[in-house]
Every structure is written in structure tokens, then in C-alpha cells.
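Just so it is clear, none of the values below were taken in a lab; they were calculated from the coordinates. Everything numeric here is computed off the predicted structure, so don't read it as measured data. Cβ atoms come from the backbone with ideal geometry, glycine included; neighbour counts cover every protein chain shown.
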Amino acid sequence: MISQVFQLSSYVYNPYAIPPFLTAVAVLLLGTWILIRERGASVGASLFQVSLTLGIWFFAFSLMYSSKDKQVAFWWVKVAYIGVPFIPSALYHFATTSLRTNGRRRVWIWASLTVSSVFSLCAVGTKALIVDLYRYKWGFYPQYGWLGVPFLVFFFTMLVFSVLEYVSENRSRPGLHRTPMRILLFAFGVAFCYFVLMPLAL
């Protein structure tokens, strides 16, 4: 199985795989650049975590789309879900770190990371989260199992918490710089629509 994953013959050219691949490269380069520029500062490190989780997701999905064989595609889904469950917790961590509320939210940060770890382990080691793959004209796509609904609830809840964290601090500190959070939420929304809502429309 592993040998198939690393054989070029296991993949086919798929134009739908190009956007996520280029996005993966872009977010990873951006996250690395910010981490270096900030010299490992907490805000730069937390933004790099977001970039890393998104990069894993986009990169693995691009290869999943290009896979000829279902087993190879399923392998890449598992790689993707090493990162995907950590996206909401990484986003929340970035929100609290950039707003300097991470000290007060330490318990919530660690709780979200723990839940993310559980979902990631379930995705990689069992079929509770990803039970199978759909086959669309543009490639394979994961099919959620019984753990899919709790995962999506967690995903959306942490996203809402991240937004509320910002809204709450913005009210208490008028004039708070808004651009980083707006850009991050916009990019996250585009990514979520691309990978989650696109299959529902086809």
C-alpha cells in the first residue's frame, strides 16, 4: 500500500487538484515567512499552526483528488485528517493569542486541543469519522461516519468561539486592529466552502 502511494502511476492529472495544491504551498510559505519574521513570537507561532493545519489539509486533498485508486485516496484522507481536526483549535489559539487573552483562556485552549487530538486519532485509526469515500467526477471525497456530526458541531462551535472572542475584546477595547482576523476568517470561510459545501452542490 505504501509503495503505491509513492508511485507516480497511482495518480492522474486532475485540474481540480491544482487550486488546493497551490493554496497549500502559499499558506505554508506565508506561515513560515511570518514565523521567521516574528522570530518565533507567540502570535507568529500561533498563526504558523493555523497555516500548518490548513497546508496539510489542502496538500493531502490535492493528492486525494489526483488518486486513481480508492485505497491510495483513502490513505491521503487519513493524512489530511491529521491536520483538519486541529484547524478550529489552532484558529481559536491564534485568536486568543493575537488578542492577548490566551492566559485567561488557557483551559479552553487545552480542551479544544484535546478534542482535536481525539478526532484526529479516530480519523486516522478507525472508521468512526471517515467511513468511506465518495467518487465524484472531480475525484474522491470523504464520507463521514457516525462521528461526523459531533465533529462538525465541534468545528463550527470553535469557529464561533473564535469570532465571539474577537467581538468581545473589540467591544472592551475600541480601535482594536481588525485586519488580521478579518483576513483569516475570510480565508477560512473560502476553504471551508470549497471542501465541505462543494460536494453538496454537485
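Descriptive notes on the structure:
- Working value for the stretch 1-115: equivalent-ellipsoid semi-axes of 32, 16, 10 Å, each the square root of 5 times a Cα gyration tensor eigenvalue, largest first.
- Simple spin-label estimate for Val160 and Leu113 in nanometres, 7 Å along Cα-Cβ: 2.5 nm
- Under the criterion of Cα pairs below 8 Å and six or more residues apart, the relative contact order for the stretch 11-80 equals 41 percent.
- If the chain linking Ile2 and Trp138 were pulled fully straight, counting 0.36 nm for each residue of separation and taking away their Cα-Cα distance, it would gain 46.6 nm.
- Nearest-0.05 FRET efficiency for Arg100 and Arg37, computed from C-beta distance (R0 25 Å): 0.85
- In the frame of its principal axes, the stretch 19-80 has Cα extents of 42, 19, 10 Å, reported largest first.
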